[in-house]
Amino acid sequence: MGVKDILKRVFTKEKKIVITGLDSAGKTTMISFLQNGTFMEHAPTMGKELSQIEVQGIRINVMDMGGQKDFRNLWIGEASTAECVIFMIDAYARERFNEARDELWKLSSIFKKKPLIILANKYDLQPVASISEIIEALNLKDLPSFEVLPISCKTGYGIVKAFMKIYYKLTGKHLTQKTNLRAITVFDQGGIPLTSSSNEDILQGGLFTAIHNFVRESFNSELDQLKMGGHLIIFKRSKHLMGSIVVNESDNIDIPEVESGLNDLLLHLEHMCPELEKDQLDSSKIEYLVDQYASNLL
Ligand SMILES: Nc1nc2c(ncn2[C@@H]2O[C@H](COP(=O)(O)OP(=O)(O)O)[C@@H](O)[C@H]2O)c(=O)[nH]1
Ligand SMILES: [Mg+2]
């Protein structure tokens, strides 16, 4: 790539990515997740569909390609006019890895010139293929350059990270992410902490004890905020759980947004853990789900 091409890529405000991959990999679901911030069901894509995402002054045209056999011959033409090509696979559907490999390799002339990102979707399902299994199954080692990123369009796991990588490939610039949230903790009805995720060591000592005491005493009350040592702690309750998020009091925080995010997390946990209805609790599952959620926020 010459200097002129590099400058053009970095400074053009409009970019194009093409998302390819077999039918049912989750391509349309990911685009809608990026646009709406949550999981939604979709009808299969016919042909191709263009969406636009505006991020920090750059307009990204996202071409969502239908994955059924009839539409796969459209991929190469679209891919040749894009700055970045994504190939998505359903990492749970091992029986389709050979078919995915054959389709991916039909685009190999493109990947010799452009960055290829493989998104390994459905990481919320078990047993999902490991990254090294996917590299092996798709023969990726024979490509000049590639990256495989695990995501789940159901829970949101890895999506922000993947998008930041894609943004960097498109623009040569790092997307700045505001990380105002410091820690998330989820408790059971008895006030027992089930799991905590934090981006700094702030949950040691006094702060955590204060949160814990507050939760034990206030599960049935309406109180939902506590201030302590420059931190603001926001609480929410769902039917069987209680959650807290710690933010810095001095940061410019959109409190209603944090509250609704915490509410969404608790509802998501209730949905994913129907055993809570029977007063049973799988704390390792809750830990896993909260980690997935927090990996996008903290
Ligand atoms: N469990 C799970 N299901 C997903 C995920 N992403 C998409 N799906 C489901 O997979 C199916 C196919 O998704 P869709 O986006 O239409 O796939 P596309 O053909 O690649 O566009 C739909 O039923 C989605 O709800 C995910 O991360 N986890
Ligand atoms: Mg689709």
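The values are calculated or read from the model by the stated rules, or taken from the named source; none is laboratory data. Computed from a prediction, not measured in an experiment: that's the story for all the values here. Using ideal geometry, Cβ is built from the backbone for each residue, glycine included, and neighbour counts are taken over all protein chains shown.
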Query raised in the report: Of the residues K154, K114, which single one is within 16 Å of ligand 2 (Cβ to nearest atom) and of a type in the set (K, R)?
Result: K154
Query raised in the report: For the stretch 56-77, which residues satisfy the criterion of being surrounded by fewer than 20 Cβ atoms within 10 Å (Cβ to Cβ) and not basic (K, R)?
Result: Q56, G57, I58, N61, Q68, D70, F71, N73, L74, I76, G77
Report task. Please determine, by comparing only the residues of the stretch 121-151 that are of a type in the set (D, E) and farther than 15 Å from F87 by Cα, which one is nearest to ligand 2 (Cβ to nearest atom). Result -> D124
Query raised in the report: Can you find even one residue in the stretch 208-226 that is part of a strand (DSSP E or B) and either of a type in the set (V, I, T) or at pLDDT 85 or above (or both)?
Result: yes
Query raised in the report: Is there a residue being part of a helix (DSSP H, G or I), within 16 Å of ligand 1 (Cβ to nearest atom) and not β-branched (V, I, T) anywhere in the stretch 43-57?
Result: no
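Would you mind finding the one in L104, L119, L74 that is outside any helix (DSSP H, G or I) and either more than 16 Å from F163 (Cβ to Cβ) or within 25 Å of the chain's Cα centre (by Cα) (or both)?
Working: L104 fails: outside any helix (DSSP H, G or I); L74 fails: outside any helix (DSSP H, G or I).
Every option except L119 fails the conditions.
Is it fair to say V246 is among the aliphatic types (A, V, I, L, M) and at pLDDT below 85?
Details: among the aliphatic types (A, V, I, L, M): yes; at pLDDT below 85: no.
No, not satisfied.
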